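One structure is given below, represented as structure tokens, and several questions about it will come after.
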Amino acid sequence: MIRILFSSLLVLFLSASLGHAQNRLVADLDQKEVQITTGFNGAELLLFGALDRASVDDIAIIVTGPSKNIAIRRKSNVAGIWLNTENAEVVGLPSFYHILTTKPLDVISSENTLKINKLGFDHIPFRLARDSSIDDAPEAEWKDALVRNMQKTGLWSNRTGEVEVISDVLFRADIEIPANIMPGDYNVRVLHFRDGAVVEENSSTLNVVKTGLSAEIYRIAHEYAAFYGIFAIIFAVASGWLAAVAFRK
Amino acid sequence: MYVYLPIAELSMNIFTIIGLGGAVGLLSGIFGVGGGFLMTPLLIFLGVPAPVAVGTEANQIVASSVSGVLAHFRRGNVDIKMGLVLLAGGLTGSTIGVWLFALLRQLGQIEVVIKLSFILFLGIIGTLMLIESMRAIMRSRQTGARRGKLHQHNWLHGLPFKMRFRKSKLYISALLPFGVGAIVGVLSAIMGVGGGFIMVPAMIYLLGMPTSVVVGTSLFQIIFVTANVTFLQSVQTQTVDIMLAGLLLFGAVVGAQFGTRIGAKLKGEQLRGLLALLVLGVCAKLVFDVVITPEDFFSVEFLR
């Protein structure tokens, strides 16, 4: 209900503003913050925007999350058992990378433009930490493995045709936020392509925050680890004792 | 209804967790076992990261051992002196175990070590239990079962530091219970189990303790060893999920109450046979996990 109201308000606002400034790209999210609460199981955000000739031109939406180091491990068979035998540590990778487009990326623009705008899995910088040991497989195989496995987690995705164009000027897209999302500042970029070139760009921030009981537990477990450990023991002893007393016949 | 587990960092159905706690609690009530050796692998099957499953389960076992030991204390079935010697070993072993755990985690090998440890011990225990229960079933059909020797002397009795354990009616080297405690302590840290399923047979067959005090004494020392594991894992690896532990515990407490009532009405041998099959089933699933060619040779993990 709120969403419908929001959309219709936006439509009114956008159609009014479009009258004045031609080609202007306007876009916004229906919420600026995602809260990882105790009952959190993923979320869906609505991105809504407008530009004239939306149906003719192309739109790409890129959502990126805080940068992290990721370990890629490779298994091989040792005496019948599959063990992690090789490791690579990739530094400074986006923990979240969702691309939504009107058409496939290679149709929208040239390789070079995509590279400059860091669009697509191929253009995510792949920098290995020094202590990585990748002897048996070529680097490209490790990079493919990274992209494949990150897509499996739902944190990376590239979806074509997910930006829906309505009556030539409006566009909308649903951004799926999976339950395993990391807290931090997320960047939402909307790129407007015309004839393969970026004409306009709109950028906004999305905050993902942990709140509530789960967030507190996580914080205490990491910041006051010894206290947390002692509390966990007291909690267990007390509930064990309570259970015994409650059910004593 | 979903609950976001703060340390496991995943969202899980609350009823799945309570149900799992209840099912394992039911089994532990029926069979009089701790249940950690089933709970940890089942949590892993449900997608909880293996290190979190282990750390959390240690925390839960503290609670279930506390409620279990109280009844044994009331009946005077705890050999405290023996328990303290076992405990000295247990604390040493579990401290080494947590250190080993942190090292293996850093090397990216902890998952497979946890699984292999479970395969080894579930395999052995499951097979022994199955054989034992089948024998018992056969024996109950025959008449005039024989009794073996109660106590045998071997080289273990020649070890130094002899100590008298009045309650257990034993005069043995303190190194024996210390060693048993230490080995079980290491396993407790790495596998997230109380270790009763290894300790109890070791106490009966290796130390020669009377069966009446075995369970109470092992529970007594398990409390402190798992508390030690809970504390050290919290500090060193941050893998204790208090919310997951609490929900599992809630299910387990209720399940165990029903289990005890059911267990009292059912026939022992057949039940033990069933438990043995269950243990072997979990073991088989784990074997399958590490032996079958993985769909993807690669895996990814966020580093802190």
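A short reminder: the numbers here are calculations on the coordinates, not readings from a lab. These numbers were taken from a predicted model, which means no experiment stands behind them. So basically every Cβ, Gly included, is an ideal-geometry build from the backbone, and we count neighbours across all protein chains shown.
Connecting C-alpha atoms closer than 10 Å in a GNM of chain A, tell me which of A:ALA79, A:ALA60, A:ALA71 has the biggest fluctuation.
Greatest mean-square fluctuation among the candidates belongs to A:ALA79.
Please report B:MET199, B:MET134, B:MET129 as a ranked list, fewest other C-beta atoms within 10 angstrom at the top and most at the bottom.
In increasing order of surrounding Cβ atoms, one gets B:MET134, B:MET129, B:MET199.
Based on the Cβ-Cβ distance of B:GLU295 and B:LYS169, what FRET efficiency does E = 1/(1 + (r/R0)^6) give at R0 = 41 Å, to the nearest 0.05? Walk me through the numbers before you get to the answer.
On the way: r = 57 Å, r/R0 = 1.38.
Efficiency, rounded to the nearest 0.05: 0.15.
Now a separate question. Would you work out if chain A is rounded, prolate or oblate? Take a ≥ b ≥ c from the square roots of the eigenvalues of the alpha-carbon gyration tensor; rounded if a/c is under 1.5, else prolate when a/b is larger than b/c, oblate otherwise. Kindly include the intermediate steps, with their values, before the conclusion.
Working: a/c = 2.92, a/b = 1.39, b/c = 2.10.
Oblate is the answer for chain A, as a/c is 1.5 or above yet b/c matches or exceeds a/b.
With a Förster radius of 35 Å, plug the Cβ-Cβ distance of B:LEU266 and B:MET1 into 1/(1 + (r/R0)^6) and report the FRET value to the nearest 0.05.
My answer for the efficiency is 0.55.
Also: How large is the dipole of region A:48-110 about the Cα centre if only Lys and Arg carry +1 and Asp and Glu carry -1, each at its Cβ, rounded to the nearest 20 debye?
340
So what's Rg/Rh here for chain B, counting alpha carbon atoms and using the Kirkwood radius for Rh?
Looking at chain B, the ratio lands at 0.97.
Quick one: what does P(r) look like for region A:78-143 with 5 Å bins over all Cα pairs, in whole %?
Spelled out per bin, shortest first, that is 3, 13, 19, 17, 16, 12, 9, 6, 3, 1.
Add +1 for every Lys or Arg and -1 for every Asp or Glu among the other residues with Cβ under 15 Å from the Cβ of A:GLU33, and state the total.
-2
First select every other residue whose beta carbon is under 10 angstrom from the beta carbon of A:THR102; then total the charges, Lys and Arg +1, Asp and Glu -1.
Computed value for this residue: -3.
Starting from the amide H of A:ALA43, placed 1.01 Å from N in the peptide plane, find each other amide H under 5 Å away whose residue is 5 or more places distant or on another chain.
Residues meeting the criterion, in which the H sits 1.01 Å from N, are A:ILE177.
Based on the alpha carbon coordinates of region A:136-194, what radius of gyration and maximum Cα-Cα distance (Dmax) apply, in Å?
My reading of the Cα-based Rg and Dmax gives 15.8, 53 Å.
So who's got an amide H within less than 5 Å of the one on A:TYR186, skipping anything under 5 residues away but keeping other chains? H placed 1.01 Å off N, in plane.
Long-range HN contacts for A:TYR186: A:LEU206, A:ASN207, A:VAL208.
About its Cα centre, how strong a charge dipole does region B:35-143 have in debye, to the nearest 20, once Lys and Arg get +1 and Asp and Glu get -1 at the Cβ?
Taking the Cα centre of region B:35-143 as origin, the dipole is about 400 debye.
Multiply the residue separation of B:ALA71 and B:ASN13 by 0.36 nm, subtract the distance between their alpha-carbon atoms, and state the gained length in nm to one decimal.
Extra length from B:ALA71 to B:ASN13 when fully extended: 17.5 nm.
Averaged over its residues, how many other protein chain Cβ atoms are within 10 Å of peptide B:235-242's Cβ atoms?
Rounded to a whole number, the mean comes out at 5.
Sticking with this structure for a sec: Against the longest alpha carbon principal axis of chain B, how many degrees, from 0 to 90 and to the nearest 10, is the axis of helix B:110-141 turned?
40
Counting only Cα atoms, I'd like the Rg/Rh figure for region B:217-304, Kirkwood definition for Rh.
The Rg/Rh ratio comes out at 1.07.
Next question. Count the net charge of all other residues whose Cβ sits under 13 Å from the Cβ of A:ILE181, scoring Lys and Arg as +1 and Asp and Glu as -1.
Residues close to A:ILE181 contribute a combined charge of -3.
Shielding by partners for A:75-85, please: the mean number of other protein chain Cβ atoms within 10 Å of each residue's Cβ.
5
Once label points are set 7 Å from the Cα along Cα→Cβ at both A:GLU216 and B:GLN106, what is their separation, rounded to one decimal in nm?
3.4
Go ahead and estimate [θ] at 222 nm for chain B from helices alone: -39,500 (n - 2.57) per DSSP H run with n ≥ 4, summed, over the residue count, rounded to 500.
Helix-only estimate at 222 nm: -24000 deg cm²/dmol.
Could you please tell me the mean projected area of the C-alpha convex hull for the protein assembly as shown, averaged over all directions and given in square nanometres to one decimal?
The orientation-averaged projected area of the Cα hull of the protein assembly as shown comes to 31.2 nm².
Kindly write out, for region B:24-37 in residue order, the coupling ³J(HN,Hα) from the Karplus curve 6.51 cos²θ - 1.76 cosθ + 1.60 (θ = phi - 60°), rounded to whole Hz, with x marking Gly and Pro.
Rounded to whole hertz, the list is 5, x, 4, 4, 5, x, 5, 9, x, 10, x, x, x, 5.
Normalise the Debye intensity by I(0) for region B:16-143, one equal point scatterer per Cα, no solvent, then take log10 at q = 0.11, 0.17, 0.22 Å⁻¹ and round to two decimals.
Once normalised to I(0) and log-transformed, intensities are -0.54, -1.16, -1.40.
Output ³J(HN,Hα) for region A:193-204: one whole-Hz value per residue in order, computed from phi by the Karplus curve 6.51 cos²θ - 1.76 cosθ + 1.60 with θ = phi - 60°, and x for Gly and Pro.
Karplus-based 3J(HN,Hα) across region A:193-204 equals 9, 10, 6, x, 10, 7, 8, 9, 9, 10, 10, 9 Hz.
Between A:MET182 and B:LEU206, with labels modelled 7 Å along Cα→Cβ, what's the label distance in nm to one decimal, could you check?
Once both label points are built, they end up 4.3 nm from each other.
Mind pulling the angle between the C-alpha long axis of helix A:212-223 and the longest principal axis of chain A? Nearest 10 degrees, somewhere in 0 to 90.
The angle comes out at about 60 degrees.
Using only the alpha carbons, work out the radius of gyration and Dmax of region B:193-260 in angstrom.
My reading of the Cα-based Rg and Dmax gives 14.8, 40 Å.
Can you run phi through the Karplus equation (6.51, -1.76, 1.60; θ = phi - 60°) for region B:82-99 and list ³J(HN,Hα) in whole Hz, with x for Gly and Pro?
Per-residue couplings from phi come out as 4, x, 5, 5, 4, 5, 4, x, x, 5, 4, x, 6, 5, 4, x, 5, 4 Hz.
Using Stokes-Einstein with the Kirkwood hydrodynamic radius over Cα pairs, what translational diffusion coefficient do you get for region A:163-212 at 10 °C and a viscosity of 1.306 mPa s, in µm²/s rounded to a whole number?
Details: Rh = 13.5 Å.
Result for D is 118 µm²/s.
Oh, and also: Projected onto the charge dipole of chain A (+1 at Lys/Arg Cβ, -1 at Asp/Glu Cβ, origin at the Cα centre), which of A:ALA79, A:PRO178, A:LEU155 gives the Cα projection farthest towards the positive end?
Farthest along the dipole direction, towards plus: A:ALA79.
With +1 on each Lys and Arg Cβ and -1 on each Asp and Glu Cβ, how big is the dipole of region A:108-247 about its Cα centre, in debye rounded to the nearest 20? Before the final figure, lay out each step's value.
Numbers: 13 positive and 19 negative charges, 80 e Å.
Dipole magnitude for region A:108-247 comes out near 380 debye.
Another one. Of the residues A:ILE230, A:ILE61, A:ILE217, which exhibits the maximal mean-square fluctuation in a Gaussian network model of chain A defined by a 10 Å Cα contact cut-off?
It is A:ILE230.
Could I ask something else about it? Using Cα-Cα distances under 8 Å and only pairs 6 or more residues apart, what relative contact order does chain B have, in percent?
So the answer I get is 40 percent.
Checking a compactness column here: for region B:232-276, what do you get for Rg(Cα) / (2.2 N^0.38 Å), N being the number of residues?
1.73
So, R0 is 41 Å and r is the distance between the beta-carbons of A:ILE116 and B:GLN236; what FRET efficiency does that work out to, to 0.05?
For A:ILE116 and B:GLN236, the calculated efficiency is 0.35.
Let me confirm one metric for peptide B:96-108, namely the mean number of other chain beta-carbon atoms within 10 Å of its residues' beta-carbons.
That average works out to 1.
Separate question: Taking the dipole about the Cα centre of chain B, with the C-beta of Lys and Arg at +1 and of Asp and Glu at -1, give me whichever of B:TYR2, B:VAL300, B:ILE96 is farthest to the positive side.
Result: B:ILE96.
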